[in-house]
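Novice: The structure follows.
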Amino acid sequence: RVLATTPSRPVSVFVGTYHHKGYGNLFIDPRVMTERRQQNLRARYNDMPMALEHWHYDVFNAVPERGEDSDLADIKFAFTSGVTGQIVSVAAKMDDSTDAVVFDRVIA
């Protein structure tokens, strides 16, 4: 973890729907102020909700919102921008047996 960093842009630009052909959809929503007075994100994957707390740069750490989803704990979500500066994907290592999975942003 690199301390004292911030996201490259307001967290609102990370909000959206992301898709992987094998893993399905990952939904990123805003999560307004936390106890640390920071704006963070919330993710939903297969109806499993998790808070995404800023880790460093454009990487966020998953904190499950339900005890039964503990396998999602500490998954890092790394957002990537394209040549235009727009967020185009998010990568996450969903389990120990595979490489990071890249979810492409769905443009409506």
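The values are calculated or read from the model by the stated rules, or taken from the named source; none is laboratory data. Because the structure is predicted, anything quoted here is derived from the model rather than measured. Glycine also receives a Cβ, built like all others from the backbone with ideal geometry; neighbour counts cover every protein chain displayed. Surface areas here come from the heavy atoms of the whole protein model, side chains and all, with no ligands, DNA or RNA. Shrake-Rupley method; radii C 1.70, N 1.55, O 1.52, S 1.80 Å.
Novice: With θ taken as phi - 60° and the coefficients 6.51, -1.76 and 1.60, list the Karplus ³J(HN,Hα) couplings across the range 18-27 in order, rounded to whole Hz; mark glycine and proline as x.
Specialist: 10, 9, 10, 4, x, 8, x, 9, 10, 9
Novice: Using a Gaussian network model of the chain whose springs link C-alpha atoms within less than 10 Å, name the residue from Val63, Val88, Val13 with the highest mean-square fluctuation.
Specialist: Val13
Novice: May I pose another question? Can you list residues from other chains, or at least 5 along the same chain, whose modelled amide H is less than 5 Å from the amide H of Arg31?
Specialist: Asn40, Leu41, Arg42
Novice: Quick one: pull the percent of accessible area on the chain belonging to carbon and sulfur, 1.4 Å probe, ligands and nucleic acids left out. All intermediate terms of the calculation are to be shown ahead of the outcome.
Specialist: Values: 3360 of 6390 Å².
The computed percentage sits at 53.
Novice: Subtracting the Cα-Cα distance from 0.36 nm times the residue separation, let me have the gained length for Thr6 to Asn25 in nm, one decimal. Don't skip to the answer; put the middle values down first.
Specialist: Working: separation 19, 0.36 × 19 = 6.84 nm, distance 2.62 nm.
Here the answer is 4.2 nm.
Novice: Let me ask another. Express the accessible area of the chain per residue in Å², computed with a 1.4 Å probe while the remaining protein chains stay in the model. Write out the running numbers ahead of the final one.
Specialist: Details: 6390 Å² over 108 residues.
With the other protein chains kept in place, the chain gives 59 Å² per residue.
Novice: In whole Hz, what ³J(HN,Hα) sequence does the range 66-79 give by Karplus (6.51, -1.76, 1.60; θ = phi - 60°), x for Gly and Pro?
Specialist: 10, x, 6, 9, 4, 5, 8, 4, 6, 6, 9, 10, 10, 8
Novice: Non-local amide H neighbours of Tyr57 (under 5 Å, H modeled in plane, Pro and chain starts lacking H): which ones?
Specialist: Thr5, Thr6
Novice: Give me the net charge of Asn61's neighbourhood, meaning all other residues with Cβ under 9 Å from the Cβ of Asn61; Lys, Arg count +1, Asp, Glu -1.
Specialist: Details: positive: Arg1, Lys76; negative: Glu53, Asp74.
Residues near Asn61 contribute 0 overall.
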